[in-house]
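Right, one structure below, let's go through it.
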Amino acid sequence: MDFRKIEYFLKVAETMNISRAAEQLHISHQGLSKQLRLLEHELGTALLERSISGIQLTEAGKKLNEWFRPISNEANYRYQKLQEFIEMKKTTLKMGYFNALSYRKCVQPVIQALKEQDQKLKVDVLAADIGQVRKLLYDDVIDLAITVMMDQEDWKDVSWFGLNDFPLQIIVSEHHPWYQKEGITERELAEGTLLYYEDGSPSFISSLHVKGRVPAYNFDSYIGRLEEGTEFGVIADIYSRREGNFRLLDLPESCQRMASTIAAYRMEHPLHTLLDKISDQLQDRGDR
């Protein structure tokens, strides 16, 4: 089925005049008549009764008009909405970021770089858990994801660029026995209980030699358990520590690692050229 021919017929049914319909469709009278004849041939029946006094719809023509006009109206409406969506994508960027990250250190620099490139750009910001941020990007709910990279394989289907590298450190609350210490040895680490963020801990944490491990399922519960003082965590100083009194301590030298924050986006996004530019801009700043 060629829906274009049906659209031509619907315009004729609307105007009841082939010449006027052809003018509105921006095609020739002969071209429109040919398309109508082809449609009638495909359907195996006449749709119009032609006479010197004008045209009339046949019974089949009336049914075609009745059944397909709502479909045409809906298709035109959806096409208009698609155009509005594409235009919105060019002027508004929806950014999602891992809610444990420091807004000042990880999100603000990206927004600033975007505004420097396009002052008219509107940036909508959404905070979510680490696993949710990635899902929102893949589901096209957000256009740009700012998060911590745990495994490059997780981002193989999108474009991304690094923002910053931060050393991972031990974090304890004021209620933990390590709070007053200046440093932690491997032996002390091996006698401690590690709290790990199940959906967002660096892979190397599973190799740390510790006495016990306790999972947390989101950042709020992670911070809540840390505050109790029975476990320690391993995070980077890119994280906002929310309420509570916490202290960061260096990992033993043999256990030291870095955490990387990234900005990920889809290459087919209308703003990908702009995002490519801020990638270079932010990396240049990091090199200085």
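The values are calculated or read from the model by the stated rules, or taken from the named source; none is laboratory data. On a predicted model such as this, the values are computed, not experimentally measured, just so you know. Backbone-built Cβ (ideal geometry, glycine too); neighbour counts: all protein chains shown.
Val172 falls short on exactly one of the conditions (1) in contact with a helix residue (DSSP H, G or I) (Cβ under 8 Å, 6 or more places away or on another chain); (2) farther than 17 Å from Leu251 by Cα; (3) surrounded by 12 or more Cβ atoms within 10 Å (Cβ to Cβ), and that condition is (2).
Scan region 47-61 and give yes if some residue there is under 30 Å from Tyr222 (Cβ atoms), modelled with pLDDT of 90 or more and hydroxyl-bearing (Ser, Thr, Tyr), otherwise no. Walk me through how you get there before you give the answer.
Restricting attention to region 47-61, the residues satisfying the condition of being under 30 Å from Tyr222 (Cβ atoms) are none.
There is no residue in region 47-61 that is under 30 Å from Tyr222 (Cβ atoms), modelled with pLDDT of 90 or more and hydroxyl-bearing (Ser, Thr, Tyr).
I'd like to check something: does region 214-236 contain any residue that is part of a strand (DSSP E or B), modelled with pLDDT of 85 or more and within 22 Å of the chain's Cα centre (by Cα)? Scanning region 214-236, I find no residue that is part of a strand (DSSP E or B), modelled with pLDDT of 85 or more and within 22 Å of the chain's Cα centre (by Cα), so the answer is no.
Residues that are within 23 Å of Gly224 (Cβ to Cβ) and touching a helix residue (DSSP H, G or I) at 6+ places or on another chain (Cβ under 6 Å) were ranked within region 177-209; the one that is modelled with the highest pLDDT is Leu195. When Ile130, Ile146, Ile171 are checked against the criterion of being in the same structural domain as Leu208 (by TED's automatic domain parsing), β-branched (Val, Ile, Thr) and in contact with a strand residue (DSSP E or B) (Cβ under 8 Å, 6 or more places away or on another chain), a single residue qualifies: Ile171. Among the candidates Arg37, Arg69, the residue that is among the charged types (D, E, K, R), at pLDDT 90 or above and under 11 Å from Leu10 (Cβ atoms) is uniquely Arg69. Being modelled with pLDDT of 90 or more, among the charged types (D, E, K, R) and out of contact with any Phe, Trp or Tyr (no Cβ under 8 Å at 6 or more places or on another chain) is not true of Glu174. Among residues of region 127-141 that are free of Cβ contacts under 8 Å to residues at least 40 places away in the same chain, those with a Cβ under 6 angstrom from a residue that is among the hydrophobic types (A, V, I, L, M, F, W, C), sequence gap 6+ or separate chain, pair up as Val133/Phe98; Val133/Ala145. For region 237-268, a residue qualifies if it is surrounded by 21 or more Cβ atoms within 10 Å (Cβ to Cβ) and at pLDDT 85 or above, and the qualifying residues are Thr261, Ala263, Ala264, Tyr265.
Filtering region 122-147 to residues that are within 16 Å of Ile278 (Cα to Cα) and either part of a strand (DSSP E or B) or touching a helix residue (DSSP H, G or I) at 6+ places or on another chain (Cβ under 6 Å) (or both) leaves Lys122, Val123, Leu144, Ala145, Ile146.
Here Leu194 meets each of (1) within 15 Å of Leu249 (Cβ to Cβ); (2) touching a residue at least 60 places away in the same chain (Cβ under 8 Å); (3) part of a strand (DSSP E or B) with one exception, condition (2).
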